[in-house]
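J.: The structure is given below, and queries will be raised subsequently.
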Amino acid sequence: MALFAERFELEPSSRPRDGYNIAPGGPVTVIVGESDGAARAEQFHWGLIPAWAKSAETRYKMINARIETVDEKPAYRGLLEGHRCLIPADGFFEWQPQPEGPKQPWWFQLADAELFSFAGLWTTWQPAPDVEPVHSCTMLTCEANDVVSPVHHRMPVVLKRASETRWLDPAVGAAAALTLAADCANDQLTARPVSRAVNSTRNTGPECVAAPNDDATGGPATALF
DNA sequence: CCAGACGTTGTT
DNA sequence: GTCTGG
DNA sequence: CCAGACGTTGTT
DNA sequence: GTCTGG
């Protein structure tokens, strides 16, 4: 908390949340820009609910936005202008299908576990005038690079640190923002396999990034029969 | 004009 | 809300 | 993303 | 198989 509060010079009212098992469809901490250039942390729903949605049913579907098409898709393209956010993290998981049995989760980080930001978009959904608005977000993805592709064919866009301020800046247009996202820090990532503890969102602690078979929550190392 | 979509991932 | 398809 | 539910009636 | 919940 202290790290990213300092890094993003968050306003005192910010109420960030962290955890080792931030899952789609749940709350996630995002950083949004203020008109005066300040930044604020909020908890948004991970899974975009467009402003025009009649129900919240997309909230488990629109968890990602492909960078290749984000400026074309009706649900996303308007958000590239003025509705960008940072989603701070120090790593992410991808699941690797196995020839047999359950998928193997992998944990990806920058060197020295340095803090970074995913490139996100956000919006507000208010189904009726007299109910509380719901803020939600989605995360840009791109084709997996050499580090991630053995595990999974897509990966989140990790912004270069120098791009973060401009990503939040409303004065930066959609085209320029897309350029920032394309020129990302994904080639700095490292990978290691982890316990299957992360597969259950009931596990929210450091056991999620423990080495495989080095914990009591990841299930048996081998099948019983 | 109105109706209907609006998304990604993974699997087959 | 806005765009595409019919 | 993965895990877990997926149903109604009647009884306590 | 498909949807909801975390």
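The values are calculated or read from the model by the stated rules, or taken from the named source; none is laboratory data. Given the structure is predicted, the values throughout are model-derived calculations rather than measurements. So basically every Cβ, Gly included, is an ideal-geometry build from the backbone, and we count neighbours across all protein chains shown.
J.: Would you check which residues across segment A:29-50 are more than 9 Å from DNA strand B (Cβ to nearest atom), under 17 Å from the mean Cα position of the chain (by Cα) and assigned to a loop (DSSP other than H, G, I, E, B) and list them?
T.: Correct list: A:Gly47, A:Ile49.
J.: Among the residues of segment A:39-48, are any at pLDDT 95 or above and within 16 Å of DNA strand C (Cβ to nearest atom)?
T.: yes
J.: Considering only segment A:167-177, state which residues are out of contact with any helix residue (DSSP H, G or I) (no Cβ under 7 Å at 6 or more places or on another chain) and assigned to a helix (DSSP H, G or I).
T.: A:Leu168, A:Ala175, A:Ala176
J.: Here's another thing I want to ask about it. Filter segment A:38-84 down to the residues that are among the polar types (S, T, N, Q) and within 16 Å of DNA strand E (Cβ to nearest atom) and list them by number.
T.: A:Gln43, A:Ser55, A:Thr58, A:Asn64
J.: Which one of these is small (Gly, Ala, Ser) and in contact with a Leu (Cβ under 7 Å, 6 or more places away or on another chain): A:Gly33, A:Gly37?
T.: A:Gly33
J.: Ok, one more. Can you tell me which residues in segment A:109-132 are outside any strand (DSSP E or B) and either over 16 Å from the mean Cα position of the chain (by Cα) or free of Cβ contacts under 8 Å to residues at least 24 places away in the same chain (or both)?
T.: Once the filter is applied, which keeps residues that are outside any strand (DSSP E or B) and either over 16 Å from the mean Cα position of the chain (by Cα) or free of Cβ contacts under 8 Å to residues at least 24 places away in the same chain (or both), segment A:109-132 yields A:Ala111, A:Asp112, A:Ala113, A:Gln126, A:Pro127, A:Ala128, A:Pro129, A:Asp130, A:Val131, A:Glu132.
J.: Could I ask something else about it? I'm trying to understand the selection: among the residues of segment A:7-28, which are within 17 Å of the chain's Cα centre (by Cα) and in a loop (DSSP other than H, G, I, E, B)?
T.: Correct list: A:Phe8, A:Pro16, A:Arg17, A:Asp18, A:Gly19, A:Tyr20, A:Asn21, A:Ile22, A:Ala23, A:Pro24, A:Gly25, A:Gly26.
J.: Condition (residue is of a type in the set (Val, Ile, Thr) and closer than 18 Å to A:Thr204 by Cα) applied to segment A:24-40: is it met by at least one residue?
T.: Yes, segment A:24-40 contains a residue that is of a type in the set (Val, Ile, Thr) and closer than 18 Å to A:Thr204 by Cα.
J.: Could you figure out which of (1) farther than 23 Å from A:Trp107 by Cα; (2) surrounded by 14 or more Cβ atoms within 10 Å (Cβ to Cβ); (3) away from DNA strand C (no atom under 16 Å from the Cβ); (4) hydrophobic (A, V, I, L, M, F, W, C) isn't true of A:Ile22?
T.: Here A:Ile22 meets the rest and fails (1).
J.: Continuing with this model, one more query. From the list A:Pro156, A:Pro193, which residue is modelled with pLDDT of 95 or more and either out of contact with any strand residue (DSSP E or B) (no Cβ under 9 Å at 6 or more places or on another chain) or surrounded by fewer than 16 Cβ atoms within 10 Å (Cβ to Cβ) (or both)?
T.: Being modelled with pLDDT of 95 or more and either out of contact with any strand residue (DSSP E or B) (no Cβ under 9 Å at 6 or more places or on another chain) or surrounded by fewer than 16 Cβ atoms within 10 Å (Cβ to Cβ) (or both) holds for just one of A:Pro156, A:Pro193, which is A:Pro193.
J.: Please give the number of the condition A:Gln98 fails out of (1) within 11 Å of DNA strand B (Cβ to nearest atom); (2) touching a Gly at 6+ places or on another chain (Cβ under 8 Å).
T.: It is condition (2) that A:Gln98 fails.
J.: Would you call A:Glu81 within 24 Å of A:Ala185 (Cβ to Cβ), touching a residue at least 40 places away in the same chain (Cβ under 8 Å) and touching a helix residue (DSSP H, G or I) at 6+ places or on another chain (Cβ under 6 Å)?
T.: Yes; evaluated as a whole, the condition is true for this residue.
J.: Taking the residues in segment A:59-76 that are free of Cβ contacts under 8 Å to residues at least 60 places away in the same chain and more than 12 Å from DNA strand D (Cβ to nearest atom) as candidates, determine which candidate is farthest from A:Thr124 (Cα to Cα).
T.: Checked segment A:59-76; the qualifying residue farthest from A:Thr124 (Cα to Cα) is A:Thr69.
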